[in-house]
Structures are given as structure tokens and as C-alpha cells.
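Trainee: Pasting a structure below so you can have a look.
The values are calculated or read from the model by the stated rules, or taken from the named source; none is laboratory data. All of these numbers come straight from a predicted model, not from anything done at the bench. We place every Cβ from the backbone using ideal geometry, glycine too, and count neighbours over all the protein chains shown. When the accessible area is computed, the model is the full protein with side chains, heavy atoms only, and any ligands, DNA or RNA have been set aside. Shrake-Rupley method; radii C 1.70, N 1.55, O 1.52, S 1.80 Å.
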Amino acid sequence: MDPLAHSLFGAALARTRLGRGVPVATATLVLAANAPDIDVFAYFAGSDTALGFRRGWTHGPIALAVLPPLVVALVALIARSRDRGATLPTKRLIALAYLGAISHPLLDWLNTYGVRLLMPFDDSWFYGDTLFIVDPWMWLLLGAAVVLGRPSRPWARGRERIATALVVAFLLYVGAMYLGARAARTVARAELEARGIGPIEDLMAGPVPIDPFVRDVVAVTEDGFRFARFRWLGGQRLVVSPEAATQLPRDPQIEAAWHDPSIRGFAGWARFPFIERPATVGDRVYFLDARYARRWPAPFGAVAVELGGGSDPATP
């Protein structure tokens with residue numbers, strides 16, 4: 001999820017009973033909830049390097065064991081620099097830091113980008129296909145918990161209950177979206193195969209921006225990828241796109257381009273890779289990931305590789 005989502009989740013937890021009587025609970029939870037994204041510095045080494053490194057080591061079990069105590073040490077250092085006599089409940093802060101840090105990969109798992117939860121022991125990607133990476137409904141529920149749960153509010157006695165209710169409402173929303181995604185996946189698979197598209201080897205029913213009742217469908221068949229839009233409410237339930245894409249062909253030049261070192265990160269990250277290679281361009285091959293790009297050029301999820309070597313990434 002985006003940094004605001006992680007921050008709001010940490011701050012909302014601090015407004016519940018979890019943060020009661022704990023100095024700097026909000027700072028600890030917010031920092032811990034964002035700590036795994038320290039891998040954002042990989043972008044300084046290039047976008048492909050970032051794709052190869054992000055949501056890996058810093059989101060895996062070793063980092064999740066190490067980062068929370070470091071966050072608490074940093075928060076304590078800042079707090080004591082302002083008040084030398086400050087006494088902090090270290091054990092409770094560490095417990096909160098672990099809660100915040102663990103929430104990060106779990107929230108990241110909810111979207112289609114994926115997260116490598118077992119790094120460095122296993123580099124497999126896991127996908128929840130539940131929430132869009134920027135979800136305004138998540139912002140609304142958790143933001144309300146942060147604002148309405150402030151101690152300065154006139155309903156201060158009930159503020160923890162309000163914040164807790166809104167956090168629970170968010171968790172229920174996530175649960176409903178998760179179950180809806182799984183149900184949409186099952187129904188879309190059945191309808192596609194009933195229309196003669198298939199057999200389907202794999203299918204993603206991913207979220208779209210803003211509308212929780214619509215799913216972006218990518219179906220994998222032996223012939224390639226088919227795309228569709230699934231709607232729970234209003235109109236035709238499944239609209240199949242006339243567009244299609246072929247999977248990576250067994251061609252020596254294409255395979256050499258796919259294994260080019262300049263796109264190693266993209267190749268390891270891509271979930272539904274295919275090629276778009278216009279006939280007018282004989283010296284370049286375009287690789288796209290069907291989750292985010294359907295045709296070249298694309299702002300994200302696509303790279304171009306010179307068949308003689310070198311790449312032109314379209315990944316921020």
C-alpha cells in the first residue's frame with residue numbers, strides 16, 4: 001500500500017486502547033508501520049534494481065525481527081533529546097513497534113503488486129488481489145479513526161471506542177473485499193470457460209481504483225492472456241475485452257532479451273509477462289506485465305530491450 005495508508009493504520013492503532021498511557025505510541029507505530037519501506041532507497045540504483053529488491057529483504061522475517069527495536073531506539077533517542085528525564089515503557093513500545101512493522105507486509109500483500117514474505121529464504125511472490133494500492137476508502141476509515149480518536153475531542157472518554165470501531169470497520173472492509181475478490185475469481189473463471197475461453201490455467205481478479213464493486217480480470221490460457229472487467233453491480237457482469245496477448249514465445253532472441261541483465265529485476269517481478277514487438281521495429285522487444293500494462297508505451301509495468309543489449313525501462 002502507499003505510505004499514507006501505512007501511516008494511517010499505525011496512527012489509528014495508537015488511538016485505540018493499545019496506545020493508552022504509552023508516551024510516543026503514535027510516533028512508534030507510524031515509524032514502525034513504514035519501516036520496511038526503507039528499501040525505497042533502492043531507486044537510487046535505478047528502477048530495475050528497485051523492482052528486484054523492493055518488497056523483499058526488508059519485508060521478510062529477518063527484517064521484521066530487527067527493525068522494531070531499531071525504531072524504538074530511534075524514538076527513544078529523539079524523545080530523550082527533548083526531555084532528558086523522559087521515562088519510556090520500552091517493552092510496550094517494542095510490542096507496538098512489532099505490531100506496526102508486521103502490519104506493513106500484510107497490507108502490502110493485499111494488492112496485486114505482491115510481496116515476498118519469506119525473503120531471504122524464499123523469493124516467491126504472494127498476492128492478495130484485494131485492495132488497490134491507493135485505496136481512498138481505507139484512507140477514509142483510518143483517517144476518521146485518527147481524527148475522531150484524538151484525546152482533545154469533547155467525547156474523550158469514548159474516543160478509544162470510536163477509534164477501535166473504525167479500525168474494526170476497516171478490517172471488515174478488507175475481509176469483504178477479500179471474499180469478494182475470491183468470489184469474483186470463481187464466477188469470472190466459470191463464465192469465461194462457458195464462453196469457450198480456456199481452459200484457464202490461472203486468473204487474477206484484481207481491484208481497480210475507487211470502485212470496490214469492479215474487478216480487473218486477467219485470465220491465463222494456453223494461448224496467452226485474455227482481459228475482462230467484472231462488475232458486481234449494474235450492467236453486464238463480465239465484459240470481455242477484444243484485446244489479447246501472447247505469452248513469451250520460445251524464440252532464442254526473445255529468451256536472450258528476457259534474460260538480459262538490464263531487466264533482471266523486472267523479469268523476477270513480472271507476474272503475467274508478455275511481449276509487444278511491432279513489426280516496424282526489428283531491433284527492440286517490448287516486455288509488459290499484464291497487471292499494469294496492456295500496450296506500449298506504458299507508464300509502469302513495461303520495459304524495452306534492444307536485442308543487441310540494453311534496456312529502456314518504463315517503470316518509475
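Trainee: Using label points projected 7 Å from each Cα along Cα→Cβ, tell me how many nm separate Asp83 and Arg17, to one decimal.
Mentor: 2.5
Trainee: I would also like to ask the following. Helix check for the chain. Which DSSP H runs span at least 24 Å along their own axis by Cα, with a mean Kyte-Doolittle hydropathy no less than -0.5?
Mentor: Passing helices, by number: 61-82, 90-109, 159-194.
Trainee: Is the stretch 193-273 rounded, prolate or oblate when judged by the Cα gyration tensor, a ≥ b ≥ c being the square roots of its eigenvalues, rounded requiring a/c under 1.5 and prolate requiring a/b larger than b/c?
Mentor: Oblate.
Trainee: Output the peptides 191-203, 31-43 sorted from most to least packed, where packing is the average of other Cβ atoms within 10 Å over each peptide's residues.
Mentor: Put in order of decreasing packing, that is 31-43, 191-203.
Trainee: Can I ask one more? Under 18 Å from the 7 Å Cα→Cβ point of Ala95, by amide nitrogen: which residues of the stretch 18-37?
Mentor: From the stretch 18-37, the list is 18-30, 32-33.
Trainee: In nm, give the distance between the simple-model label positions of Phe44 and Asp122, each being 7 Å from the Cα along the Cα-to-Cβ direction.
Mentor: Rounded to a tenth, the inter-label distance reads 3.3 nm.
Trainee: 222 nm [θ] for the chain, helices only, -39500 (n - 2.57) per DSSP H run of 4+, per residue, to 500?
Mentor: Roughly -14000 deg cm²/dmol at 222 nm, from the helical runs in the chain.
Trainee: Could you work out the relative contact order of the stretch 100-228? I mean the mean sequence separation of Cα pairs under 8 Å and 6+ apart, divided by the number of residues, in percent.
Mentor: 20
Trainee: Say we join alpha carbon atoms closer than 10 Å with springs in a Gaussian network model of the chain; which of Leu99, Leu74, Leu117 then has the biggest fluctuation?
Mentor: Leu74
Trainee: Could you tally the net charge around Asp135, taking each other residue with its Cβ under 15 Å from the Cβ of Asp135, Lys/Arg +1 and Asp/Glu -1?
Mentor: Overall, the nearby charge balance is -4.
Trainee: Moving on. Could you please report the charge total around Gly268, scoring K, R as +1 and D, E as -1 over all other residues with beta-carbon less than 14 angstrom from its beta-carbon?
Mentor: Taking every Cβ under 14 Å from that of Gly268, the sum is 0.
Trainee: Order 90-98, 208-216 from most to least packed using the mean count of other Cβ atoms within 10 Å.
Mentor: Descending mean neighbour count gives 90-98, 208-216.
Trainee: Is the stretch 90-213 rounded, prolate or oblate when judged by the Cα gyration tensor, a ≥ b ≥ c being the square roots of its eigenvalues, rounded requiring a/c under 1.5 and prolate requiring a/b larger than b/c?
Mentor: In terms of gyration-tensor shape, oblate.
Trainee: Let me ask something else about it. Using bins 10 angstrom wide from zero, how does P(r) for the stretch 179-313 break down, in % of all Cα pairs?
Mentor: It works out to 12, 40, 29, 16, 3, in whole percents.
Trainee: Would you indicate which of (1) 41, 26, 14; (2) 48, 27, 18; (3) 39, 23, 18 is the value of semi-axes √(5λ) of the Cα gyration tensor in Å derived from the coordinates of this structure?
Mentor: Working out semi-axes √(5λ) of the Cα gyration tensor in Å from the coordinates points to (1).
Trainee: What list of ³J(HN,Hα) values in whole Hz, one per residue of the stretch 110-121 in order, does the Karplus curve 6.51 cos²θ - 1.76 cosθ + 1.60 (θ = phi - 60°) give from phi, with Gly and Pro shown as x?
Mentor: 5, 9, 7, 5, x, 8, 9, 5, 10, 4, x, 7
Trainee: Another one. Towards the positive end of the charge dipole of the stretch 99-213, with charges on Cβ (+1 Lys, Arg; -1 Asp, Glu), say which of Leu99, Asn111, Val134 has the farthest Cα.
Mentor: Projecting each Cα onto the dipole axis, the largest value belongs to Leu99.
Trainee: Could you give each residue of the stretch 246-263 its phi-based ³J(HN,Hα) in whole Hz, using Karplus coefficients 6.51, -1.76, 1.60 with θ = phi - 60°, and x for Gly or Pro?
Mentor: For the stretch 246-263, the Karplus-derived couplings read 9, 6, 4, x, 7, 10, x, 5, 5, 5, 5, 5, 5, 9, 4, x, 6, 10 Hz, x marking Gly and Pro.
Trainee: With a 1.4 Å probe and every protein chain left in place, work out the accessible area per residue of the chain in Å², rounded to a whole number.
Mentor: Accessible surface, normalised per residue, equals 49 Å².
Trainee: For the chain, with a Gaussian network of springs between Cα atoms less than 10 Å apart, report the residue from Arg226, Arg84, Arg150 with the top mean-square fluctuation.
Mentor: Of the options given, Arg84 has the highest mean-square fluctuation.
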